[in-house]
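These notes concern the structure reproduced below.
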Amino acid sequence: MVSPSTEIAYNSKIEGDVVVSRLDAVINWIRTNSMWPMPMGLACCAIELMAVAAARFDIARFGAEVMRFSPRQADCMIVAGTVTYKMAPQVRRIYDQMPAPKWVIAMGACASTGGMYRSYAVLQGVDRIVPVDVYISGCPPRPEALLDALILLQAKVRREPAARRLFRA
Amino acid sequence: MTATADVATFLTERFPLVAGRPSLDYPAFNAPAAQVLEVLRGLRDEAGYDLLADVTAIDWSAAKSPRFTVVWHLFSTVGHQYVRLAADCADDAHPSMPSATGLWPGANWHEREAYDMFGLTFAGHPDLRRILMWDGYPYFPLRKDFPLAGLDTALPDLAVADETGVSVKPAPYMGGPFVAAPGSTIEAGEPRAKDQSWSEGQEKPKET
Ligand code: SF4
């Protein structure tokens with residue numbers, strides 16, 4: 001709690017209740033450990049995404065278990081599956097509706113590059129419509145690969161100058 | 001209902017214009033487009049083929065006439081047998097066929113798919129819209145003259161297209177399509193055994 005004391009100097013009464021840190025570190029610590037995913041499950045990769053959320057792989061260990069089906073509450077869109085041209089505008093709209101800061105994981109060959117669907121109907125990589133932070137290879141990727149991607153993304157977020165962005169915005 | 005085994009005799013007696021069609025599996029018949037609804041009704045009500053399993057179409061390529069053939073697969077839940085009925089569309093430029101939605105409501109989506117993929121119109125269909133591609137898509141992708149990679153066109157949502165600057169582009173082929181050719185050794189049939197080193201950056205060498 002904030003103490004009413006205006007004293008700047010050492011105060012033995014509140015010792016132990018105060019942690020000194022950088023604002024960047026605090027903000028990034030909060031962001032990395034409660035990264036709420038927007039599960040954009042569009043094809044078979046979504047099955048692996050479900051496995052990641054279940055008990056065996058348990059994405060909750062990394063603070064990302066709160067799958068939000070409303071983009072307004074989500075931080076990280078996990079595009080899991082084949083993005084067709086018909087679906088692409090909706091993916092982009094959902095991305096636009098997510099509040100910043102927001103990140104995107106392209107899970108699997110389809111989301112990253114169109115995968116094996118070299119055809120008239122499939123968007124050749126979701127990075128054509130939204131900025132992607134982490135790509136995961138595999139068809140489908142193992143759940144561990146998604147956890148690895150999440151850890152990579154957390155490492156990236158930890159390096160961000162969050163405080164400067166906060167005050168500039 | 002008669003037994004389904006003698007569907008050939010049933011059809012030739014009842015509909016003299018119906019002819020046999022070469023088939024490797026089920027009994028198959030050709031019918032004239034004008035009579036096709038009667039034949040389907042006869043098969044459903046008199047021969048026991050009560051389930052419409054599929055409606056699809058064939059494009060025999062622009063060089064052929066008649067170009068489009070519509071194919072119905074019926075199944076008899078009593079006799080546990082399939083029968084296939086085919087009818088050629090008379091007009092190659094604006095192919096059309098009577099709709100079977102009056103006989104089987106389930107024909108609705110099958111016919112929408114055939115319309116979406118081949119550009120066939122079904123006369124009497126209550127709601128003939130695209131079902132797989134988006135409304136306003138300008139091509140019919142399963143026609144023989146449509147490339148698998150696709151053709152340039154706009155995204156379905158123009159606001160998003162404006163913002164992202166993305167449009168529907170032909171998919172990069174990078175030497176594909178990567179399908180193994182049947183009937184030879186694995187080494188010779190594998191796509192990598194062929195000269196498919198060409199890509200978008202490096203044109204496919206002209207055959208001499
Ligand atoms: S990458 Fe493979 S598993 Fe994932 S959506 Fe595409 S086809 Fe399915």
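The values are calculated or read from the model by the stated rules, or taken from the named source; none is laboratory data. Quantities reported herein were computed from a predicted structural model and do not represent experimental measurements. Here the Cβ is made from the backbone with ideal geometry for all residues, glycine too, and neighbour counts use every protein chain on show. Heads up: the accessible areas ignore ligands, DNA and RNA and are worked out on the full protein's heavy atoms, side chains in. Shrake-Rupley method; radii C 1.70, N 1.55, O 1.52, S 1.80 Å.
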Task: Pairwise label distance in nanometres, A:Asp148 with B:Leu151, each label 7 Å out on the Cα-Cβ vector - done: 4.3
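Rank these residues by their accessible area, most exposed first, probe 1.4 Å: A:Thr84, B:Thr12. Please list the in-between numbers first.
On the way: A:Thr84 50, B:Thr12 75 Å².
Per-residue accessible area, sorted high to low, gives B:Thr12, A:Thr84.
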- [ ] For A:Cys76, enumerate residues with amide H under 5 Å from its amide H, sequence gap 5+ or separate chain, H modeled in the peptide plane.
- [x] A:Trp36, A:Met38, A:Trp103
TODO: Keeping all protein chains in position, work out how much accessible area B:Val78 exposes to a 1.4 Å probe, and write it in Å² to the nearest 10.
DONE: 100
Task: Within a Gaussian network of chain A (alpha carbon springs, distance under 10 Å), most fluctuating of A:Met77, A:Met87, A:Met98 - done: A:Met87
Task: Cut-off of 10 Å, at most 16 other beta carbons, DSSP loop: longest stretch of chain B lacking such GluC sites (Glu not before Pro) - done: B:47-199
Open item on the list: Given a 10 angstrom Cα cut-off, can you work out which residue in B:Pro66, B:Pro172, B:Pro95 is the most mobile in a GNM of chain B?
Closed with: B:Pro172
Open item on the list: Heavy atoms only, 1.4 Å probe, whole protein assembly: order A:Met50, A:Met116 by accessible area, highest first.
Closed with: A:Met116, A:Met50
Open item on the list: At 7 Å along Cα-to-Cβ for each site, give me the label-to-label distance between B:Ser167 and B:Asp50 in nm.
Closed with: 5.3
Task: In nm, spacing of pseudo-spin labels at A:Gln90 and A:Arg72 (7 Å Cα→C-beta vector) - done: 2.0
TODO: For B:Asp135, tell me the accessible area in Å² from a 1.4 Å probe, rounded to the nearest 10.
DONE: 100
Task: Karplus-derived HN-Hα couplings along segment B:117-125 (A = 6.51, B = -1.76, C = 1.60, θ = phi - 60°), whole Hz, x at Gly and Pro - done: 8, 10, x, 8, 9, 10, 5, x, 6
TODO: Between A:Val157, A:Val20, A:Val66, find the one with the highest GNM mean-square fluctuation for chain A; connect C-alpha pairs within less than 10 Å.
DONE: A:Val20
Task: Karplus 3J(HN,Hα) series, Hz, for segment A:122-132 with 6.51 cos²θ - 1.76 cosθ + 1.60 (x for Gly, Pro) - done: 10, 5, 8, x, 6, 5, 6, 10, 9, x, 9
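Averaged across A:108-116, how many Cβ atoms of other chains sit within 10 Å of each residue's Cβ atom?
Details: counts 0, 0, 0, 0, 0, 1, 2, 0, 3.
Whole-number average of other-chain Cβ neighbours for A:108-116 is 1.
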Open item on the list: Tell me the accessible surface of B:Ser96 in square angstrom (1.4 angstrom probe, heavy atoms of protein chains only), to the nearest ten.
Closed with: 50
TODO: Show the residues, 5+ positions off or on another chain, whose built amide H is closer than 5 Å to the amide H of B:Ala53.
DONE: B:His73, B:Leu74, B:Phe75
Task: Cut-off under 5 Å, modelled amide H: who pairs with B:Phe15 long-range - done: none
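If you take every DSSP beta bridge whose two residues both sit in segment B:7-151, what share of them, in percent to the nearest 5, is antiparallel?
Values: 18 of 24 bridges.
So the antiparallel bridges in segment B:7-151 amount to around 75 percent.
Per-residue ellipticity at 222 nm for chain B, helices alone: DSSP H runs ≥ 4 residues times -39500 (n - 2.57), over residue total, nearest 500 deg cm²/dmol?
Roughly -5500 deg cm²/dmol at 222 nm, from the helical runs in chain B.
For every helix of n ≥ 4 consecutive DSSP H residues, a contribution of -39,500 (n - 2.57) applies; sum these over chain A, divide by its total residues, and give [θ] at 222 nm rounded to the nearest 500 deg cm²/dmol.
On the way: 6 runs with 59 residues, N = 169.
My calculation for chain A gives -10000 deg cm²/dmol from helical runs alone.
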Open item on the list: If you count only protein heavy atoms with a 1.4 Å probe, what accessible area per residue comes out for segment A:100-169, rounded to a whole Å²?
Closed with: 47
Task: Probe 1.4 Å, all protein chains present, accessible-area order of B:Phe75, B:Phe29, largest first - done: B:Phe75, B:Phe29
Open item on the list: Please compute the per residue accessible area over segment B:7-151 with all protein chains in place, 1.4 Å probe, rounded to a whole number of Å².
Closed with: 48
Open item on the list: Excluding ligands, DNA and RNA, what is the accessible area buried between chains A and B, summed over both sides, using a 1.4 Å probe, to the nearest 100 Å²?
Closed with: 1700
Task: Folded to 0 to 90 degrees: helix B:36-45 orientation relative to chain B principal axis, Cα - done: 60
